[in-house]
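Undergrad: My questions will all concern the structure given below.
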Amino acid sequence: MDFGLDEELTLVRDMARSFADTELMPRATKHDRQGTLDREVFALMKDLGLWGLTIPEEYGGAGLGNQALAVVLEEINRACASTGVTLSVHNSLIGAPLRKFGTEAQKREWLPKLATGEVIGAYCLTEPNAGSDAASLRTTARLDGDHFVVDGTKVWVTNGGWAGVFLAYVRTEPGTSRAKGVSALLIPANLPGIRVGKPEKKCGIRGSSTTEVEFSGVRVPKANLLGTLHDGFKIAMDTLDGGRIGIASQAVGIGRACLEAAVKYSKEREQFGKPIGEFQAIQWKLADMATRIDASRLLVQKAAWMRDRGERCSQQAAEAKLFASQTANFCADECLQIHGGAGYTDHFHVERLFRDARITEIYEGATDIQRIVIARAVTA
Ligand code: CAA
C-alpha cells in the first residue's frame with residue numbers, strides 16, 4: 001500500500017497548485033461578485049490541458065485518470081470553487097461517459113473539442129419534479145424517422161449557459177416509469193428549439209453557470225444516442241459515481257482553504273494578550289478540521305483508485321462525497337467562528353467559502369441520497 005503521489009501525480013498536482021495560486025486565488029472573489037468566470041480562465045485551462053485532463057490522448061486529451069482529476073480538483077477548488085465545479089462537470093459528467101459509452105464516431109466528433117474547451121459540456125438529468133428522485137424524469141424523446149424529437153425542461157444545469165453540448169436523459173419508451181425506458185442523448189446546443197434560461201442567482205459558487213434548459217420539439221439525430229436505447233439511466237448513475245468523486249474533491253479543496261485561513265487568522269489575531277491560536281479551544285478546532293480533511297482525502301483517493309481500475313465504486317464515491325461535503329461545511333463553520341464578526345463580512349473570503357461549501361451537500365446527490373446508496377450497498 002502506498003499513500004504517496006507518484007511522479008506523474010506530483011507533477012500534475014504542482015501544475016494545478018501553481019495555476020490556482022497565481023490565476024484563481026486573485027480572481028475568486030471577482031468571480032463570485034460578477035457572477036461569472038473571467039474568459040481568460042477558460043483560455044488558461046486550455047493551455048494547461050485541464051479541459052481534457054481525463055480525455056484519452058488519441059482524442060487530444062491528457063489521458064489521465066480519476067486520481068489525477070481528484071488531485072487537480074482539490075487544488076483548484078481550494079482557490080475557486082466556481083472554476084472547480086465547471087471543470088469537474090465537464091470532465092466527469094460529459095467527457096467520462098462519452099469515453100466509456102460513446103461510439104467511435106461520437107468520440108471523434110466530441111472528445112477533441114471537449115479536450116480543448118472549444119466545446120463545454122453540461123449534464124441534464126434534474127427536472128422541476130425529478131430532483132433526488134431522478135428516475136421520475138418526464139422529458140420525452142419520440143422517434144420520428146432518423147431523429148428523436150425531444151420535449152421537456154431540465155433544471156440546475158451546471159455549465160448550462162456555456163455549453164456546446166448537453167448530455168440529456170430522456171424518456172424514449174412511452175408508458176414506462178422509473179428507470180426503465182430512459183435513454184442518454186448528446187444534444188448539440190445550437191439545435192433549433194433549445195432555450196437556455198437566465199443564470200440562477202445562487203448562494204455560493206456564483207461564478208459558475210447554472211441554468212434551466214428547455215427543449216421544445218428539438219430534432220436530435222438518432223446517431224446521437226449514447227449507449228443502449230432505453231437503458232440510459234444506468235449511464236446517468238454510473239456517471240454520477242465519477243461526478244461524486246469530483247464534488248468530494250471540491251469539498252476537500254474548500255475544507256483546506258478554510259483550514260489555511262483559520263490557521264493564518266489564529267496566528268495574527270490577538271485577544272487576552274496573545275494570539276488566539278494559543279488557546280486550546282482554537283487548537284482543537286484546527287485539529288478536528290485537519291483530521292477530517294485528511295480522512296476525506298483518503299476516501300476520495302480510494303474511490304478514484306477503484307474507478308481507475310474499472311471497479312464499481314458507487315458506495316466508495318458516496319462515502320467520499322458524504323464525508324467530504326460534511327467536512328467542508330464543518331470547516332467553513334469553524335473557520336468563520338474563529339474569525340468572529342470579521343468572518344461574517346466581506347472583509348475576508350471566509351464568507352465566500354462558507355457559501356461555497358454549502359452546495360457540496362446538495363448537488364450530484366444530496367447527503368441523504370449518498371446515505372441511501374451506501375445503505376443499499378452494505379445491506380445488499
Ligand atoms: N451504476 C450502474 N447502474 C446503476 C447504478 C450505478 N452506480 N446505480 C443504479 N444502477 C442501476 C440499478 O442497478 C438499476 O438497474 P436494474 O433495474 O437493471 O436493476 C437501475 O440503475 C435503477 O436503479 P435504482 O433502482 O437504484 O434507482 P432508484 O430510482 O431507486 O434511484 C437513487 C436511486 C440513488 C436515489 C438515484 O435516483 C439518485 O442517485 N438520485 C440523486 C440524483 C442526483 O444525484 N442528481 C444529481 C443531478 S446532476 C448534478 O447535480 C450535476 C451538476 O450539474 C453539478
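Undergrad: If pairing requires two Cys Cβ atoms under 4.7 Å apart, which cysteines of the chain are left without a partner?
TA: Unpaired cysteines in the chain: 80, 124, 203, 313.
Undergrad: Report, by chain and number, residues whose modeled amide H sits under 5 Å from the one on residue 269, excluding near sequence neighbours (fewer than 5 apart, same chain).
TA: Placed amide hydrogens put 276 under 5 Å from residue 269.
Undergrad: Compute a Gaussian network model of the chain, connecting alpha carbons closer than 10 Å, and tell me which residue from 270, 57, 127 fluctuates the most.
TA: Sorting by GNM fluctuation, first place goes to 270.
Undergrad: Could you give the alpha-carbon Rg of the range 60-212 over 2.2 N^0.38 Å, rounded to two decimals?
TA: For the range 60-212, the normalised Cα radius of gyration comes out at 1.06.
Undergrad: At what distance in angstrom do the alpha carbon centres of the range 217-232 and the range 309-377 lie from each other?
TA: Cα centroid of the range 217-232 versus Cα centroid of the range 309-377: 34 Å apart.
Undergrad: Taking only Cα atoms and a 10 Å spring cutoff, compute GNM fluctuations for the chain and point out the largest among 353, 111, 64.
TA: So, out of 353, 111, 64, the one fluctuating most is 64.
Undergrad: Another question about this same structure. From the Cα gyration tensor of the range 171-250, with a ≥ b ≥ c the square roots of its eigenvalues, which class applies: rounded if a/c is under 1.5, or else prolate if a/b is larger than b/c, or else oblate?
TA: oblate
Undergrad: Looking at the square roots a ≥ b ≥ c of the eigenvalues of the Cα gyration tensor of the range 263-380, which shape do they give, rounded for a/c under 1.5, prolate if a/b is larger than b/c, or oblate?
TA: Taking the square roots of the gyration eigenvalues as a ≥ b ≥ c, the range 263-380 is prolate.
Undergrad: Now for a different question. Report, please, the projected area of the range 122-232 averaged over directions, based on the convex hull of its C-alpha atoms, in nm².
TA: 6.6
Undergrad: While we're on this one: What's the tally of Lys pairs in the range 122-232 whose alpha-carbon atoms lie under 24 angstrom apart, where the two lysines are 8 or more places apart or on different chains?
TA: So the count works out to 6.
Undergrad: Toward the positive end of the charge dipole of the chain, about the Cα centre and with charges on Cβ (Lys, Arg +1; Asp, Glu -1), which of 323, 209, 148 goes farthest?
TA: 148
Undergrad: Let me ask something else about it. Can you give the accessible area per residue of the chain, in Å², using a 1.4 Å probe?
TA: 44
Undergrad: For the range 264-347, which whole-number percentage of the solvent-accessible area (1.4 Å probe, protein heavy atoms only) is attributable to carbon and sulfur atoms?
TA: Here carbon and sulfur together make up 51 percent of the probe-accessible area.
Undergrad: Once both labels are modelled 7 Å past Cα along the beta-carbon direction, what's the residue 25-residue 376 spacing in nm?
TA: Computed distance between label sites residue 25 and residue 376 equals 4.2 nm.
Undergrad: Taking residue 113 as the anchor, which aspartates and glutamates have their alpha carbon closer than 17 Å to its alpha carbon, excluding any fewer than eight residues away along the same chain?
TA: 47, 57, 58, 104
Undergrad: For the chain, what does the helix formula give at 222 nm: sum of -39500 (n - 2.57) over DSSP H segments with n ≥ 4, over the residue count, nearest 500 deg cm²/dmol?
TA: The helix-only estimate for the chain comes to -16500 deg cm²/dmol at 222 nm.
Undergrad: Calculate the all-directions average of the projected area of the chain's alpha-carbon convex hull, and give it in nm².
TA: Dividing the Cα hull surface by four gives the mean projection, 19.1 nm².
Undergrad: If I build a Gaussian network model for the chain, linking alpha-carbon pairs within less than 10 angstrom, which residue out of 126, 228, 367 has the largest mean-square fluctuation?
TA: Ranking 126, 228, 367 by mean-square fluctuation puts 228 first.
Undergrad: If you don't mind, another one. Past the 26 angstrom mark, what percentage of all C-alpha to C-alpha distances in the range 203-352 do you count?
TA: Result for the distance tail: 45 percent.
Undergrad: If you don't mind, there's one more thing I want to ask. Please state the relative contact order of the chain as a whole percent: Cα pairs under 8 Å, 6+ residues apart?
TA: Computed value for the chain: 16 percent relative contact order.
Undergrad: Could you give the length gained on full extension between residue 337 and residue 118, defined as 0.36 nm per residue of separation minus the Cα-Cα distance, in nm?
TA: Working it through step by step, the gained length comes to 74.6 nm.
Undergrad: When a/c is below 1.5 the answer is rounded, else prolate if a/b is larger than b/c, else oblate, so apply that to the range 35-92 with a ≥ b ≥ c taken from the square roots of the Cα gyration tensor eigenvalues.
TA: Cα axes put the range 35-92 in the oblate bin.
Undergrad: Lysines within cross-link reach of residue 264: Cα-Cα under 17 Å, excluding same-chain residues under 8 positions apart?
TA: Partners found: 274, 285.
The values are calculated or read from the model by the stated rules, or taken from the named source; none is laboratory data. Given the structure is predicted, the values throughout are model-derived calculations rather than measurements. All Cβ positions, even for glycine, are placed from backbone atoms using ideal geometry, and neighbour counts span all protein chains on display. Ligands, DNA and RNA are excluded from the accessible area calculation, which covers all protein heavy atoms including side chains. Shrake-Rupley method; radii C 1.70, N 1.55, O 1.52, S 1.80 Å.
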